[in-house]
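Just so you know, all these numbers are worked out from the coordinates, no wet-lab data involved. Predicted model only: the values in this text are computed from it and were never measured. So basically every Cβ, Gly included, is an ideal-geometry build from the backbone, and we count neighbours across all protein chains shown.
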Amino acid sequence: MSELHNFTLLFLAMLLISTIMRLYLSQRQINTVTKNRSQVPDTFADKISLEDHQKAADYTTTKVKFGRLPLFYDIALLLIWTLGGGLEWLDQNIILALDLNPIMTGIAVILTYTFISSLLDLPFSLYDTFVIEEKFGFNRTTIKTFFVDMFKGSALGLAIGVPLLYIILWLMEKSGDQWWIYTWLVISGFSLFMMWVYPTWIAPLFNKFEPLEEGETLNRIKSLLTRCGFNSDGIFVIDGSKRSSHGNAYFSGFGRNKRIVFFDTLLKMLNDDELEAVLAHELGHFKKKHIIKGMIISFSTTLIGLGVLAWLMKEDWFYSALGISQPSTYMALLLFTLVMPVFTFAFQPLFSLFSRKNEFEADAFAAEQTDAKYLTQALVGLYRENANTLTPDPLYSAFYDSHPPAPVRIAHLNAHA
Ligand SMILES: [Zn+2]
C-alpha cells in the first residue's frame with residue numbers, strides 16, 4: 001500500500017509543479033509583451049508599424065491567456081479519468097457489455113476514451129478557430145470545412161490507427177519480455193512509412209496541391225535547388241488560404257519522395273528574393289541533417305518510453321496508484337500515454353534548444369546561399385503578417401520556442417550580412 005501512496009503522491013506533485021511552471025511562464029510572457037506594447041523595438045522601428053506591433057502583442061497575450069483555460073480543464077479531466085475512476089468505470093463497463101478478448105477489449109476501451117476526449121476538446125478548438133483567429137483576421141475556415149476536416153481526420157485515424165494499435169497490443173500480450181523492442185521496430189517502421197506516404201497520399205486529402213506555375217519564381221527556385229544539389233519530387237502550391245491566412249512553407253517526405261510545398265498565402269506575402277531566401281533556409285535543414293537528427297531523437301525517446309512502459313506494466317502499484325483495480329496491457333498503455341507528459345514536461349526546454357540551434361544553422365546556410373538581407377526581409381514580413389511578437393519573454397521563449405526570438409534571430413542574420 002505504501003508504494004501505491006508514493007506514486008500517487010509523486011504524480012500529483014509533478015502535476016502541481018508543471019502547472020505552476022506553466023502558469024508562471026505564461027504570466028511572464030503576458031507581462032513582457034504588455035510592457036513592450038507601447039513601442040516598436042528600435043531594430044524594427046522602420047519596418048513594423050506601431051499598429052502591427054500592437055496587434056501582435058494583443059494576439060500573443062490573447063493566445064496565452066486563452067491557453068490557461070484548457071490547461072485547468074485538462075488537469076481536471078486527467079484527474080477524473082485516473083484517480084477519479086473514469087477509466088476504471090469505462091473499462092469495467094466495456095468488459096461487461098462486449099465480452100471480448102483482451103486485445104479487442106483494449107481497442108474498444110482506447111477508442112471510446114479517444115472519442116470522448118476529442119468531443120470534450122471540441123469547444124476549445126472551435127473557440128480558438130472561430131473566435132480568436134477570427135477576431136484577429138486570420139481565420140478562413142468555414143464551419144463546414146472544420147467538420148469535414150475533423151471527419152476525414154477521424155476516418156484516417158481509425159483506418160491507420162486501429163490496425164497499428166492491434167499490432168502493438170498483440171505484441172504486448174503475446175511476444176514475451178522483449179515486446180517493447182519489437183514494438184519499437186514496428187512503430188519506427190510505421191513512422192518512416194507514414195513520412196513516405198504523407199506527401200503523396202495523405203496531405204492531398206486535406207489540401208489541393210498544384211505544381212508551381214512556370215515563370216520567374218519557379219526558375220529562381222530551380223536554380224537554387226541545382227546550386228544546392230537538391231533533388232525533389234516537385235514544387236507545389238497548396239491552398240492554405242482555405243483555412244487560415246498564416247503563411248508557411250515546408251518539405252515533406254524523404255528519399256526521392258521529397259516535395260517542396262508553399263502555402264499560397266506565403267507566395268502572396270513574399271517577393272522572389274525573399275521566397276528564395278526562405279527556401280534556402282528550408283534546404284539548410286536538409287543539408288545540415290536536421291531531419292535525420294530529429295528522427296534519431298524521436299526514435300530514441302520512443303525506445304526509452306517503451307522500456308519504461310515495459311517495467312511499469314508489470315508493477316501492480318502503477319495501476320492501483322492511478323485508479324485502476326484490474327491490471328491489463330491496454331490499460332498500462334493508456335495510463336502511460338495519459339500520465340507521461342506530466343513527467344516529461346521538464347525536458348521541453350531541451351527540445352526547444354535543439355530546435356533553435358537548428359534554426360540558427362539553417363539561417364546561416366541560407367545566408368551563404370542567398371543574401372542574408374532577403375531572409376531578414378522575409379522574416380520581418382512573416383512576423384508582421386502572422387502577428388508574431390517581437391518582444392517575447394526570454395524565459396518563456398527559452399522554454400517553449402522552437403524558433404529563436406525575432407530580435408536574436410535578426411541580429412544573427414545581420415552578422416552574416
Ligand atoms: Zn527553420
Sites matching trypsin sites (Lys or Arg not before Pro) across the range 177-281 that sit in DSSP coil, with at most 13 neighbouring C-beta atoms within 10 Å: Lys208
Net charge over other residues, Cβ less than 14 angstrom from the Cβ of Phe399 (K, R count +1; D, E count -1): +1
Positive-end residue of Thr141, Thr200, Leu79, charge dipole of the range 72-226 with Cβ unit charges: Thr200
Give the separation of the Cα centroids, the range 250-284 to the range 1-57, in Å. 31
Could you give me the ³J(HN,Hα) list for the range 380-386, computed from phi with Karplus coefficients 6.51, -1.76, 1.60 and θ = phi - 60°, whole Hz, x at Gly and Pro? 4, x, 5, 4, 5, 5, 8
Tail weight of P(r) past 15 Å, computed on alpha-carbon pairs of the range 319-396, percent: 75
Connecting every pair of Cα atoms under 10 Å apart in the chain and solving the GNM, the largest mean-square fluctuation among Leu83, Leu283, Leu25 falls on Leu83
Could you go through the range 136-142 in sequence order and give the Karplus-derived ³J(HN,Hα) for each residue, using 6.51 cos²θ - 1.76 cosθ + 1.60 with θ = phi - 60°, rounded to whole Hz, and x for Gly and Pro? 8, x, 9, 6, 10, 7, 9
Listed residues Leu111, Thr217, Ser245: farthest to the positive end of the dipole of the range 103-260 (Cβ charges): Thr217
Only four residue types carry charge here, +1 at the Cβ of Lys and Arg and -1 at the Cβ of Asp and Glu. Report the dipole size of the chain about the Cα centre in Debye, rounded to the nearest 20. 340
Top mean-square fluctuation among Pro163, Pro199, Pro392, Gaussian network model of the chain, C-alpha springs under 10 Å? Pro163
Put in order of increasing Cβ neighbours within 10 Å, starting from the fewest, Leu192, Leu306 give Leu192, Leu306
Could you please rank Thr114, Thr60, placing first whichever residue has the fewest other Cβ atoms within 10 Å of its Cβ? Thr114, Thr60
Anyone know which of Phe66, Phe151, Phe318 comes out most mobile in the 10 Å Cα GNM of the chain? Phe151
So, over other residues within a Cβ distance under 14 Å of Phe351, counting Lys, Arg +1 and Asp, Glu -1, the net charge is +1
Per DSSP H run of n ≥ 4, the term is -39500 (n - 2.57); total these for the chain, divide by its residue number, and report the mean residue ellipticity at 222 nm rounded to 500 deg cm²/dmol. -23500 deg cm²/dmol
Which of rounded, prolate, oblate describes the range 259-308, given a ≥ b ≥ c as roots of the alpha-carbon gyration tensor eigenvalues and a/c under 1.5 marking rounded, otherwise prolate only if a/b is larger than b/c? prolate
Given the convex hull of the Cα atoms of the range 242-330, what is a quarter of its surface area in nm²? 9.9
Kindly state, to the nearest 0.05, the FRET efficiency for Lys47 paired with Phe136, given R0 = 22 Å and r defined as their beta-carbon distance. 0.65
To make sure I understand, if each residue's beta carbon is the centre and we count other beta carbons within 10 Å, what order do Met340, Met172, Met313 fall in, fewest to most? Met340, Met313, Met172
Only Cα pairs under 8 Å and at least 6 apart count here; give the relative contact order of the range 266-417 as a rounded whole percent. 35
In the chain, which longest range has no GluC sites (Glu not before Pro) that are both DSSP loop (not H, G, I, E or B) and surrounded by at most 12 other Cβ atoms within 10 Å? 1-212
How about the range 335-414: which trypsin sites (Lys or Arg not before Pro) there are in a DSSP loop, with at most 12 other Cβ atoms within 10 Å of their Cβ? none
Along the range 153-163, Karplus-curve 3J(HN,Hα) (6.51, -1.76, 1.60; θ = phi - 60°) to the nearest Hz, with x for Gly and Pro, reads x, 5, 4, 5, x, 5, 4, 8, x, 5, x
So, relative contact order of the chain in percent, Cα under 8 Å, 6 or more apart, is 24
For the chain, the Cα gyration tensor yields equivalent-ellipsoid semi-axes (√(5λ), largest first, whole Å) of 41, 26, 21
